[in-house]
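Any read-out appearing in this document is the output of simple, stated calculations on the displayed coordinates, not a laboratory observation. Values in this document were obtained by computation on a predicted structure and should not be read as measured data. Here the Cβ is made from the backbone with ideal geometry for all residues, glycine too, and neighbour counts use every protein chain on show.
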Amino acid sequence: MQSLSDISLVAQVAVFHNQRAFDQLVRKYQSPVRRFLLNLTLGNEALSDDLAQDTFLKAYTHITQFKGIASFQTWLFRIAYNIYYDHKRKTHPQPLSEREGNGKTQSDELSTPLTYREGSGVGIQMDIHAALAILKEEERVCVTLQLIDGYSLDEISKMTNMPVNTVKSHLRRGKEKLTTYLKNNGYDGNR
């Protein structure tokens, strides 16, 4: 029933340019989109906020292109992923595989210091972002969408435009790297 209300809101925006209907969609999805982008940017709050704003702006201006084949949420996350990917291409012009395939961490991607709110589990957040930083871009996207945001393989495939088997491969490699990293940094999995 949730997607029915999304479709109704999308129709109101597309046909009647109802900004209140779009505001409802923004309120509903701003936290999940921002969290997704925050994990992709390794905790860079300012950048994730900018990318989230760009995501909703693009969704609003292209809402008539939403066909309803996938859920609105899937369509919105696809836009967020594309916005993020375009940002990465502009700021790091060399291919992602050349930059990340060398086993080094991606601390160079943190263009501004990480900032956290008090009482938000700062140590754990820093560890998670440090662990995510060792992953290749595609692995980080898939791991974030599945383990942190809880999306299915099919949904991730639609959001990223990757075949399901490719998503599975990125997840397997990403989980292996995360497990190794966390074990090497004091997490034994028995806590």
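Using θ = phi - 60° in the Karplus curve 6.51 cos²θ - 1.76 cosθ + 1.60, the 3J(HN,Hα) couplings for the range 71-87 round to 5, 4, 4, 4, 4, 5, 5, 5, 4, 4, 4, 5, 4, 4, 4, 4, 4 Hz; x is entered for Gly and Pro.
With the simple spin-label model, which puts each label point 7 Å out from Cα in the Cβ direction, the D154 to K168 separation comes to 1.5 nm.
Among T91, T166, the ranking by other beta carbons within 10 Å of each residue's beta carbon, starting with the fewest, stands as T91, T166. In sequence order, the range 9-15 has phi-based couplings of 5, 4, 4, 4, 6, 5, 8 Hz under the Karplus curve 6.51 cos²θ - 1.76 cosθ + 1.60, θ = phi - 60°, and Gly or Pro positions carry x. On full extension of the chain, what length is gained from T179 through T61, given 0.36 nm per residue of separation minus the C-alpha to C-alpha distance? Here the segment from T179 to T61 would lengthen by 38.4 nm. With a sphere of radius 11 Å drawn around the Cβ of G174, what net charge do the other residues whose Cβ falls strictly inside it have (Lys, Arg +1; Asp, Glu -1)? Summing Lys/Arg as +1 and Asp/Glu as -1 gives +3. The alpha-carbon of K177 sits under 26 angstrom from the alpha-carbons of these lysines, leaving out residues fewer than 8 places away in its chain: K88, K104, K136, K158, K168.
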